[in-house]
Amino acid sequence: MIPFLKTSVTSAVLAAMVAMPQVTQAAQDLSAQPLTPGAMKRVGTIDERYQSYNVEMLEVTGGKFWKPYKEIGTKAGQASAASSSEIQNDDAPTGMDPGLYQYRPPLDLTNKRLRAMAQALGPAYMRISGTWANTTYFADTDTPPKDPPQGYGGVLTRQQWLAGIDFSRAVDAPIVTSMPTGVGTRGADGVWKPDQARRWLAFTKAHGGTVAAVEYMNEPTMASMGGAPEGYDAAAFGRDYRVFDAFMRKEYPDTKLLAPGSVGEANADWAVAMGGYGNQKVLPAAELAVSTGEADAFSYHHYGAASQRCTAMGHQTSADQALSEDWLGRTDQTLAYYRGVRDKSMPGKPFWNTETADAACGGNPWGGTFLDTFRYLDQLGRLARQEVDVIFHNTLVASDYGLLDENTFEPKPNFWGALLWRRLMGTTVLDTGFVNRAGMHVYAHCLRDVPGGVGMLVLNTDRQKTRSLNLPVASNRYTLAAANLTDKAVSLNGTPLRLGANDALPAMEGSATAAGELAFEPGSITFLTVPSAKNQTCQ
């Protein structure tokens, strides 16, 4: 099996890193707290493919996905949803308003710009899953059926899947996925059968695809929404998971098993699955994980809110809260909840966050602006220190939370943040010695591919106040900023970031910065690299 990169964090150190203590205004105003990159100690490691992304199964097959905000409730949106004779997955997930969805054709995975942008983030994992994957039928025939067989919601053709395999190989992103688990995959007794999964995985292997890891079901927390049989419960999940586990261990022993893949739980009133999810029955992770102890990693999803598309479900947030400690700290609250489940049922297993974004239901309107880049990068920094080996951002392309524009494939602000992280932050996580506080968060890793070097991420989340730190050594500075936080255009050290001729990425070079007190403008994101740190941990 592919080896895990284990994280070693004592409970005392972990508690100190996660805690956000209350501090006085005077303490917050201390100018130039020193950072000593050469003396920073190791607190853990992450997978080389830590920063990964989702491509929804629905993007590969074509079908109804989240409708753009500007078209919700409009005649144009209604017409678009009904205009194609090739619509698959025609119905919305159980319990969801069909008016929130709009048909989109299969994603063009051969597009040169799309491939170039994905390659720039490699190596990564590409998770092809999502709610619709639970009910997708793989048509291993020359002539796929026009309509999905009974018990399925959509059809994945050979050519579509071959395109997915080819894309995965071209951009150095092995596939992570989940099994079809809907009514159509089951025998007369309701027990899950691996027949469909076996054909699909065998085809993948025969055509050069690599499935690095799998989950049994996407988000079993809301199993009925995902196409499971009526009345499906934790006992049925456990029964079926054991069939899945035996099948995978025997026939695909080199593929990691991830479980349980739960979503929406935390000890907080904002958690979208707590207290029910609309009229859907919720299967708690604590009940599901009883059966998944032999999995290779504990998988979970995190959304700090439901987007404005899903106002009927509650659990919304607003743009003016997007830099608050409450909002950014929700990442920790979700993990703390699932840590309790992990420690009881899957002790010692690493975490994989297999789906996350600013908000469920396609993201909020500001999900594609610079404002969300703080959440994106802060989440990477937080979770790297807490035994999370891999994070999958939802999505690479589709809807408001995509890293790329879904029509043009041009980078959004989060992509530029992701690219800097990929180029600068290595797999060894360091203790900065700085206690994160309202207004400023600091994270550090060994500098990628530079022995002894250190890379740091400094987030000034204060909208009005300049913050400062003291760095006693020279560094290279990479500051991302925007004229307005809700802009989709960002600059690096004052130079606008945009693609060049033939989709060439900009150089994105750092600015040489002398040792001493460094100022960080309000609402800015800065990476600092110290190649000459001589950090022994990073040798």
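Quick notes on this one:
- Residues in region 397-444 that are of a type in the set (A, V, I, L, M) and either closer than 24 Å to Gly130 by Cβ or out of contact with any strand residue (DSSP E or B) (no Cβ under 6 Å at 6 or more places or on another chain) (or both): Val397, Ala398, Leu403, Leu404, Ala418, Leu419, Val435, Ala438.
- Search result, residues across region 198-227 that are more than 24 Å from the chain's Cα centre (by Cα), on the phi < 0 side of the Ramachandran plot and not basic (Lys, Arg): Trp200, Ala202, Phe203, Ala206, His207
- Consider region 141-156 and keep the residues that are in contact with a Ser or Thr (Cβ under 9 Å, 6 or more places away or on another chain) and outside any strand (DSSP E or B). The one that is surrounded by the fewest Cβ atoms within 10 Å (Cβ to Cβ) is Thr141.
- Qualifying positions in region 270-309 - within 22 Å of Gly367 (Cβ to Cβ) and not hydrophobic (A, V, I, L, M, F, W, C): Tyr277, Gly278, Tyr300, His301, His302, Tyr303, Gly304, Ser307, Gln308, Arg309
- Whenever a residue of region 431-454 is assigned to a loop (DSSP other than H, G, I, E, B), its partners that are acidic (Asp, Glu), lying with C-beta atoms within less than 6 angstrom and at least six residues away or across chains, give the pairs Ala438/Glu325; Gly439/Asp462.
- Residue that is surrounded by the most Cβ atoms within 10 Å (Cβ to Cβ) [pool: residues in region 443-473 that are under 22 Å from the mean Cα position of the chain (by Cα) and over 18 Å from Cys538 (Cα atoms)]: Leu459
- Number of the condition not met by Thr373 [criteria: (1) more than 21 Å from Met508 (Cβ to Cβ); (2) touching a helix residue (DSSP H, G or I) at 6+ places or on another chain (Cβ under 7 Å); (3) not small (Gly, Ala, Ser)]: (1)
- Inspection of region 409-426 finds no residue satisfying the criterion of being surrounded by fewer than 19 Cβ atoms within 10 Å (Cβ to Cβ) and either in contact with a Gly (Cβ under 7 Å, 6 or more places away or on another chain) or modelled with pLDDT under 95 (or both).
- Criterion violated by Arg463 - all others in (1) among the basic types (Lys, Arg); (2) outside any strand (DSSP E or B); (3) assigned by TED's automatic domain parsing to the domain that holds Glu509; (4) closer than 22 Å to Ala507 by Cα satisfied: (4)
- Only one of Ser511, Ser491 that is closer than 20 Å to Leu403 by Cα, free of Cβ contacts under 8 Å to residues at least 40 places away in the same chain and not hydrophobic (A, V, I, L, M, F, W, C): Ser491
- Meets criteria (more than 23 Å from Ala246 (Cβ to Cβ), out of contact with any Ser or Thr (no Cβ under 8 Å at 6 or more places or on another chain) and free of Cβ contacts under 8 Å to residues at least 24 places away in the same chain) for Gln321: yes
- Conditions (1) touching a residue at least 60 places away in the same chain (Cβ under 8 Å); (2) over 18 Å from Asn502 (Cα atoms); (3) within 23 Å of the chain's Cα centre (by Cα); number of the one not met by Pro106: (1)
- If you go through region 429-440 and keep only what is in contact with a helix residue (DSSP H, G or I) (Cβ under 6 Å, 6 or more places away or on another chain) and buried (at least 22 other Cβ atoms within 10 Å of the Cβ), you end up with just Val429.
- Checking Leu288, Leu328 one by one, the residue that is in contact with a Pro (Cβ under 7 Å, 6 or more places away or on another chain) and either under 29 Å from Val214 (Cα atoms) or in a strand (DSSP E or B) (or both) is Leu288 and no other.
- Consider region 496-539 and keep the residues that are over 17 Å from Asn460 (Cβ atoms) and hydroxyl-bearing (Ser, Thr, Tyr). The one that is surrounded by the fewest Cβ atoms within 10 Å (Cβ to Cβ) is Ser532.
- Sole residue being modelled with pLDDT of 95 or more and more than 19 Å from the chain's Cα centre (by Cα), chosen from Thr141, Thr135: Thr135
- Flag for Gly164 being surrounded by 21 or more Cβ atoms within 10 Å (Cβ to Cβ) and at pLDDT below 95: no
- Count of region 370-391 residues which are over 12 Å from the mean Cα position of the chain (by Cα), of a type in the set (S, T, N, Q) and in a helix (DSSP H, G or I): 1
- Selection count, region 207-236, where residues are surrounded by fewer than 24 Cβ atoms within 10 Å (Cβ to Cβ) and in a loop (DSSP other than H, G, I, E, B): 11
The values are calculated or read from the model by the stated rules, or taken from the named source; none is laboratory data. This one's a predicted model, so the numbers in the text were calculated from it and none came from an experiment. Reconstructed Cβ throughout: ideal geometry from the backbone, glycine too, with neighbour counts over all protein chains shown.
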